[in-house]
1. Cβ-Cβ below 9 Å, separation at least six or inter-chain, first residue in segment 38-56 and more than 20 Å from residue 26 (Cβ to Cβ), second open to solvent by 30 Å² or more (accessible area, probe 1.4 Å) and assigned to a loop (DSSP other than H, G, I, E, B): which pairs?
2. I'd like to check something: does segment 18-30 contain any residue that is touching a Gly at 6+ places or on another chain (Cβ under 9 Å) and under 13 Å from residue 55 (Cβ atoms)?
3. Please determine whether any residue of segment 20-34 is within 19 Å of residue 2 (Cβ to Cβ), over 12 Å from the mean Cα position of the chain (by Cα) and of a type in the set (D, E, K, R).
4. Tell me which of these residue 64 doesn't satisfy, since it passes every other one: (1) within 11 Å of the chain's Cα centre (by Cα); (2) surrounded by 15 or more Cβ atoms within 10 Å (Cβ to Cβ); (3) at pLDDT 95 or above.
5. Scanning segment 19-68 for residues that are in contact with a helix residue (DSSP H, G or I) (Cβ under 6 Å, 6 or more places away or on another chain) and among the small types (Gly, Ala, Ser), which turns out nearest to residue 8 (Cα to Cα)?
6. Is there any pair linking a residue in segment 1-26 that is open to solvent by 100 Å² or more (accessible area, probe 1.4 Å) to one that is of a type in the set (S, T, N, Q) and not in a loop (DSSP other than H, G, I, E, B), with Cβ under 8 Å and at least six apart or on different chains, and which?
Amino acid sequence: MAKILVVDDERVLVKGITFNLKNEGYQVETGYDGEEAVELAREGNFDLIILDLMLPGVDGFEICRQIR
């Protein structure tokens, strides 16, 4: 089963994406800011990360650089 990390500061959007992915059989973890995204990505072994580019504080591009 694929493991997906969903990161966005809009909780309603994260909830909807998570609901749909879980219904399709994916294992999903969620984050709501850049620091949390980096921490989760480093701890988990994700097959896919869905990352918002316009997060408060640190933008999605910088988070992507840190994770890579």
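1. Every condition considered, the pairs that remain are 38/58; 53/59; 54/9; 55/9; 55/32; 55/33; 56/9; 56/33.
2. No, that holds for no residue.
3. Yes, because at least one residue in segment 20-34 is within 19 Å of residue 2 (Cβ to Cβ), over 12 Å from the mean Cα position of the chain (by Cα) and of a type in the set (D, E, K, R).
4. Of (1) within 11 Å of the chain's Cα centre (by Cα); (2) surrounded by 15 or more Cβ atoms within 10 Å (Cβ to Cβ); (3) at pLDDT 95 or above, only one is false for residue 64: (3).
5. Ranking the candidates gives 31 first.
6. Matching pairs, first to second residue: 1/27.
The values are calculated or read from the model by the stated rules, or taken from the named source; none is laboratory data. Given the structure is predicted, the values throughout are model-derived calculations rather than measurements. When we count neighbours, we look across all protein chains shown, and the Cβ atoms used for this are built from the backbone with ideal geometry, even at glycine. Calculation scope for accessible area: heavy atoms of the full protein, side chains included, ligands and nucleic acids excluded. Shrake-Rupley method; radii C 1.70, N 1.55, O 1.52, S 1.80 Å.
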